[in-house]
Amino acid sequence: MNLLKWLPSFFLMTILEYWNYNKYKMERNRNVYFGIALLAIVLLVPQCKSIKVPQLGINHVKDVVAAMTLEEKAYFVTGTGMSMPGFATSVDSALILGTPVVGLTQKLVPGAAGTTYEIPRLGIPSMVVADGPAGLRITPKREKDSATYYCTAFPVATLLASTWDTTLIYRVGQAMGNEVLEYGADVILGPGMNIQRNPLCGRNFEYYSEDPLLTGKIAASMIKGIESQRVGTSVKHFAANNAETNRNSLNTIVSKRALREIYLEGFRIAVEEAHPWTVMSSYNLINGVYASENPDLLTKVLRNDWGFKGLVMTDWFGGKDPIAQMKAGNDLLMPGTPQQAKVIISAVKEGKLDETVLDRNVERILNIILETPRFKGFKYSNKPDLKSHAFVTRQAASEGMVLLKNDNNTLPLAKKTKTIAVFGTATFETVIGGTGSGDVNEAYTISIADGFINAGYILDESLKNIYLTYIKKKRENLPKSANPIIALLGGLEPLPEMMVDVDMANTQVNTADVAIVTIGRNSGEGFDRGVENDFNLTDSEKTLISNVTRVFHAKGKKVVVVLNIGGVIETASWKDLPDAILLVWQAGQETGNSVADVISGKVNPSGKLAASFPIKYQDVPSAKNFPGVVIEPTKPKIPRTNILADLMNPPASKIIYDEGIYVGYRYYTTFNVKPSYEFGYGLSYTIFQYNNLRLSSNKFTDKLNINVDIKNIGTTSGKEVVELYISAPIKKLDKPLEELKGFAKTKLLLPGESQTLTFIITSRNLSSFDPSSSAWVADGGKYAIEIGASSSNIKQISLFELENDLVVKRESVALIPNEKIHELKPQNLF
């Protein structure tokens, strides 16, 4: 018998007996009575508490929810605020939401983005969530602490997608997840996986591709890798968040078919294949309703159609109406404000919000907290293996770089090459990642110049000093307010390119074996890029490439252009000038070493484009309606303490996706618009041969197995990305000329070595979304399997037949446009 459980009852019985049979003695024995009573209370109360108050992890989650007060529930579904060192958050947040925002993250994981509300009496700890898509974003220095807490700056998402290697991405995810775990966070706010609808979107570097299949498969591998480390992910921004201009008020008008096939499909793949812990709703409206207040999006599609079981959180300060968010299934409002909690409490008391809805959302959050390292008592070290993570970063970066041009085997550099003339400010101030939540506080950055030096090349010292002096002077004189959003959200604003005249190029040509010209770009959260001097090169950049190539070619020496960019730029007007062009994206903290690995030949480039490069911006199908239009006058400005309030309260705007499903290569191939570099394009230092395409059957039933042999017929070991496209018959629905339905990357093939790659095609791969029946349907008829090295470079074709029309899956009627869309159709042009 448990003595502690038995003693309280014994003492209580003793008191009763004493009262009933010895009343006349009570006065004389008052001290004895109170002593016995006090002892009974001391022993009884803790036992009663343990019996009556459920504890998370011990009792059923529903019992824990039932034990919570209304106030606890309301505060639990709103985060505890955020702290931004250097900003007067209580004042700034009052300008945003009329209420103080006091963050608790500084006490748990300094620099993390937010925390949830803890309830100790029920055994509920806080959950810490932290940015971001390119690595964990926390503060490296802490008060009264001499240690530093650096994280790895991994390559940006677009580069990772350009590897087309799901196994490698899984390894990157493992490394990233380990840092989340060892630094005491529970959920990382990523990956970002919106479609790159338009090349000017400021956050394209955070996103994978213009194609939903590639986006979904790469994201799924990243999620699996991160969550293998027992921490969570938050896939974002759900959904159709494809522009940053006026993002908090932008009404995205898009058809049901375009939503399902293009903007939701990548999320579906990630949710169904990788089961992320959380999903983050986006800032924008979709067909007239804020994403975070949209039951069609968050309940019908995400939960009912796709079976999502995790929690949904808002983007930071996303949405307007906490009650609508609760009803829609947006479980957690981040970073959270006291005002939001008060609104929820009042709504329940007034009957405007059923408390069972609140209970449902609380339960979903608790189910995730049960999985967190913090709840499970993980003893984090604050010492992840940054050295091994840097190795993974370097490998991933080199495999995602895309060789766009390589005339006369300019690359890899000849063994006799010793001295390099390096031009371009980005050679020294290399952009390793974008700004905002995608920024990371890394311990070091290897610039492109550093990478060449590390690889044993000699840089022309006089040219190097000219650039370093220019950069120093420009930085000293650069106004602090040049881009206040970058100043607020982190990152480095690129400097204007230094003008290089013919005389300067002539000075270098005699001492250098080759010239490397680096063009740099940066962008980020809160703003979109421009066409002039961003998508298009600046005058000084054009002059730089022109003068250097003219002078070096006159001496019989070669020129390589390195593109250190986060998004697509114009290349057609100048790409004929240099001998080689290497697209290195923003490759993380090891960028310089990875560039040197590829240019020296230590690594054979195997990256391929995850986004098309148009000849000119006007060729982009969404060019005429990006980034949207303001539909109400701008409100009078209130004096602000920083740019954050303006960023969160833009004028009402809208954007119409009238290109429909014809995004990226779907448009260029279908409407015969030639790009500068097509989707899936990328060169190698060797040559691959595609042979023996074979299908398991020429009639489709449940699935189709497809095999193809890839042989390295060159003289250098290398890897090849193999892409599978399907061309479908056109009946009721118009179709793109081709759509990516599978991809694979070979192992490192030695010269003369072959590998057989296998693909499996299901009925879902054949189907299109029919908005009239709200179903995925496949038309009967002849289909073509196209195996290629890019969307335009098809190597092998084989046909099969689907005998009858097929309804693959019916889904919810949801997300109906609130105004007419005149979508692009092929017959409009043919």
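Each Lys and Arg Cβ is given +1 and each Asp and Glu Cβ -1; about its Cα centre, the chain then shows a dipole of about 1640 debye. With the cut-off at under 19 Å, measuring from each backbone N in segment 775-796 to a point 7 Å along the Cα-to-Cβ line of Arg764 picks out 775-779.
A simple spin-label model places pseudo-atoms 7 Å from Cα toward Cβ; at Leu748 and Gln618 they are separated by 4.8 nm.
Per-residue Karplus couplings for segment 581-595, computed as 6.51 cos²θ - 1.76 cosθ + 1.60 with θ equal to phi - 60°, are listed in order as 9, 10, 8, 9, 6, 10, 9, x, 5, 9, 3, x, 5, 5, 4 Hz, Gly and Pro entered as x. Length available on full extension from Arg142 to Lys342: 0.36 nm per residue minus the Cα-Cα distance, which gives 68.7 nm. Sequence-ordered 3J(HN,Hα) estimates for segment 363-374 from the Karplus curve with 6.51, -1.76 and 1.60 and θ = phi - 60° stand at 4, 5, 5, 4, 4, 6, 4, 4, 8, 6, x, 5 Hz, glycine and proline given as x. One entry in (i) 47.8, 150; (ii) 30.0, 121; (iii) 33.8, 113 is Rg and Dmax of the Cα atoms in Å calculated from the shown coordinates; its label is (ii). Residues of the chain were split at every exposed loop site, defined as GluC sites (Glu not before Pro) in a DSSP loop with at most 10 other C-beta atoms within 10 angstrom, and the longest piece left, sites excluded, is 351-802. Helix 539-554 and the longest principal axis of the C-alpha atoms of the chain enclose an angle of approximately 40°. Seen against the Cα atoms of the chain and their longest principal axis, helix 338-349 is set at about 60 degrees. Tell me the angle of helix 3-21 to the major Cα principal axis of the chain, expressed in degrees between 0 and 90 and rounded to the nearest ten. Tilt relative to the chain: about 30 degrees. Per-residue extension of 0.36 nm, minus the Cα-Cα distance of Asn409 and Lys464, leaves a gain of 17.1 nm for this segment. When the trypsin sites (Lys or Arg not before Pro) in segment 556-640 are filtered for DSSP coil states and for at most 11 other beta-carbon atoms within 10 Å of their beta-carbon, the remaining sites are Lys637. Here the chain exposes an accessible surface that is 54 percent carbon and sulfur, computed with a 1.4 Å probe and the other protein chains kept in place. Structural descriptor for the chain: relative contact order 14 percent, calculated from alpha carbon pairs under 8 angstrom and at least 6 residues apart. From helices alone, the chain scores -9000 deg cm²/dmol at 222 nm; the rule is -39500 (n - 2.57) for each run of n ≥ 4 DSSP H residues, then divide by the residue total. Looking at the chain, the accessible area is 39 square angstrom per residue; that uses a 1.4 Å probe and ignores ligands, DNA and RNA. Sequentially through segment 454-465, phi angles give Karplus couplings (6.51, -1.76, 1.60; θ = phi - 60°) of 4, 7, x, 7, 9, 9, 4, 5, 5, 5, 4, 5 Hz, Gly and Pro residues having no value and appearing as x. Only beta bridges with both residues in the chain are counted; by DSSP, about 60 percent of them are antiparallel. Given R0 = 22 Å, the distance between the Cβ atoms of His275 and Asp702 translates into a calculated FRET efficiency of 0.35.
Annotation for segment 754-783 versus segment 291-308: alpha-carbon center distance of 24 Å.
Could you give the distance between the Cα centres of segment 129-183 and segment 500-525, to the whole Å? Value for the Cα centre distance between the two parts: 32 Å. Near Leu824, the amide H atoms lying under 5 Å from its own belong to Glu659, Gly660; only residues 5 or more places off or on other chains count, and H is placed 1.01 Å from N.
Label separation (Ser798 vs Val630): 5.8 nm, computed from points 7 Å beyond Cα along the C-beta direction.
What spacing in nm lies between the two simple spin-label points modelled at Lys379 and Asp501, each 7 Å away from Cα in the Cβ direction? Going from the Lys379 label point to the Asp501 one covers 6.8 nm. Once the C-beta distance of Val531 and Lys416 is scaled by a Förster radius of 60 Å, the resulting FRET efficiency is 0.90 to the nearest 0.05. For Lys809, nonlocal amide neighbours, meaning residues 5 or more places apart or on other chains whose placed amide H falls under 5 Å from its own, are Trp776.
The values are calculated or read from the model by the stated rules, or taken from the named source; none is laboratory data. Everything numeric in this text was worked out from a predicted model, so none of it was measured. Because the Cβ atoms are built from the backbone with ideal geometry, glycine has one as well, and the counts that use them run over all protein chains shown. Note: areas computed on protein heavy atoms with side chains; ligands, DNA, RNA excluded. Shrake-Rupley method; radii C 1.70, N 1.55, O 1.52, S 1.80 Å.
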